[in-house]
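Below you'll find the structure, written out as C-alpha cells, and then a few comments.
Nothing in this text is a laboratory measurement; each read-out follows from the coordinates by a stated rule. A quick note: this is a predicted structure, and the numbers were derived from the prediction, not measured.
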C-alpha cells in the first residue's frame, strides 16, 4: 500500500482472476432459487399432492399426533414412488419388487410403533387385543387372532408391495419376449397391449406407494 487511496485499487487476484467483485456476487449466491424462478407446473402439482397427503395423514393420525409426524409418511410415499417409477425404465432393476427392500421399510417402522406403544400405552395396546363386545368365552381366541394379525403386519406390507410390483413387470417381460416370433399384425397388437400394461403399471406404482404409506399411518395411529 503506497498511499491511502491504493486500498481502492482492484488488485486482489489469484491466477489472473479478480476477486474484488466477489463480495457483489456472494449476496446473489445465497438468495434461494424460488426468489428467481416461479414454480413450474410439476412443482405446483407435487406441492398439491404433498399438501393433500399431509391433510389425509393428519386426519388419520388424529389431533393427538406430534407436529410434523406426517412428513415421515410423505417421505416414505415419495421414496417408494420414485423406486416404483424407476423400475418402469428398460434395463433398470426394480428395487421395490424385492422382498429385501420392502421388508427393510416395513419391519423397522412396525417394530418402532410396537415398542413405543407397549412402553408408553400398555393398557391401550392390551385393549386392542380384545375388540369391544367380544363374549367372554371367545376372548382367548380373539387375543390369539389379534396377536397373529398384528405380528404378520410387516410381512403383509412387504409382500403386498413386492407382489404387485413384480406381477406387472413379469407380464410385460413375458409378453415382450414373444415379439420376435410374431407376425406384423400381431406385433402391432402386442405393442398396443404393452403400452396399455405400461400405463397400468404406472397407476399401480402410484397406488401401491400410497397404500403402503396409508397402512403404515394407520398402524401408527393405533399405538397413540
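Rounded to the nearest 500 deg cm²/dmol, what is the calculated helix-only ellipticity per residue at 222 nm for the chain, with -39500 (n - 2.57) per DSSP H run of length n ≥ 4?
Mean residue ellipticity at 222 nm (helix-derived): -23000 deg cm²/dmol.
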Subject >> Percent of Cα-Cα distances greater than 29 Å, calculated over the range 41-222 >> reply: 38 percent
Original post:
Which angle from 0 to 90°, rounded to the nearest 10, does the C-alpha axis of helix 41-61 make with the longest principal axis of the chain?
Top reply: 40 degrees
Subject >> Angle in degrees between helix 184-222 and the longest Cα principal axis of the chain, rounded to the nearest 10 >> reply: 80 degrees
Original post:
Pairing the Cα long axis of helix 139-151 with the longest principal axis of the chain, what angle in degrees results, from 0 to 90 and rounded to the nearest 10?
Top reply: 30 degrees
Subject >> Shape metrics for the range 48-109, restricted to C-alpha atoms - Rg then Dmax, Å >> reply: 14.1, 46
